[in-house]
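The values are calculated or read from the model by the stated rules, or taken from the named source; none is laboratory data. Every value quoted in this text rests on a predicted model; they were computed, and no experiment measured them. Note: ideal-geometry Cβ built from the backbone for every residue, glycine included; neighbour counts use all protein chains shown. To get the accessible areas, we keep the full protein, side chains included, count just its heavy atoms, and leave off ligands, DNA and RNA. Shrake-Rupley method; radii C 1.70, N 1.55, O 1.52, S 1.80 Å.
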Amino acid sequence: MKKTQLRKKILKKRKYFNIKDKEINFSKLIKLLKREVSSKKIGIYYPIGSEVSTISLIKNLRNKKYIISLPVLEKNFKMSFYEWNENSALKINNFGIPEPFKFKKITPSALIIPIVAFDANLNRLGYGGGFYDRFINKIERSKKILKIGLALSCQKINKVPTNKFDRKMNYIFTENKVYK
């Protein structure tokens, strides 16, 4: 199945997945960050549609003095992360994604990434723009970055179609399992 068809199928499945009473254990994720990341600079997404909500995670990380940054899509299909807090306004970009106003650019030590589909080998299928893959590739030329994907169990498939540009996750958290 082609990536485009697979995306449509999984997004429809995720939209109707009953997440009631199913929540990702963010305490495990926070312990992982504390153990594996020396910097408190975290790149995270602001949830849209049926994505795993990061709102409680953002609040929890903020309470633990982490610096939260959100992605901003820029020219030439590039992406950067800018510091954000709950008191700062967000603007909606051309893809319908909330972004912070460009205030202070951050280079995160860990990324918490939305997933459309994934497999047990930590391959991730995103929305198809390649923004995260390009960002990770650029950052990892000079330093390692911890890559954590968030998904629901219904988004797991046998094998994600990949190419040389796709970047694997270090961990994928779902409501009932941590893949590593």
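Just name the residue that is farthest from the chain's Cα centre (by Cα) out of those in region 64-123 that are acidic (Asp, Glu) and under 29 Å from residue 28 (Cβ atoms). Looking at residues that are acidic (Asp, Glu) and under 29 Å from residue 28 (Cβ atoms), I get 86. Only a single criterion out of (1) β-branched (Val, Ile, Thr); (2) touching an Asp or Glu at 6+ places or on another chain (Cβ under 8 Å); (3) in contact (Cβ under 8 Å) with a residue 24 or more places away in the chain is not satisfied by residue 92, namely (3). Summed over region 127-167, the residues that are assigned to a loop (DSSP other than H, G, I, E, B) and within 12 Å of the chain's Cα centre (by Cα) give a count of 2. Remark: pairs (first residue in region 138-163, within 16 Å of residue 126 (Cα to Cα); second residue open to solvent by 40 Å² or more (accessible area, probe 1.4 Å); Cβ separation under 6 Å; 6+ apart in sequence or on different chains) = 147/170; 152/17; 153/176; 154/13; 154/17; 161/3. Remark: pairs (first residue in region 17-43, within 13 Å of residue 54 (Cα to Cα) and aliphatic (A, V, I, L, M); second residue open to solvent by less than 50 Å² (accessible area, probe 1.4 Å) and at pLDDT below 95; Cβ separation under 6 Å; 6+ apart in sequence or on different chains) = 24/175. Answer yes if at least one residue in region 120-133 is exposed (fewer than 15 other Cβ atoms within 10 Å of the Cβ), of a type in the set (A, V, I, L, M) and within 30 Å of residue 16 (Cα to Cα), and no otherwise. Scanning region 120-133, I find at least one residue that is exposed (fewer than 15 other Cβ atoms within 10 Å of the Cβ), of a type in the set (A, V, I, L, M) and within 30 Å of residue 16 (Cα to Cα), so the answer is yes. In region 154-169, the qualifying residues are those that are open to solvent by 40 Å² or more (accessible area, probe 1.4 Å) and in contact with an Asp or Glu (Cβ under 8 Å, 6 or more places away or on another chain), and the one that is modelled with the lowest pLDDT is 165.
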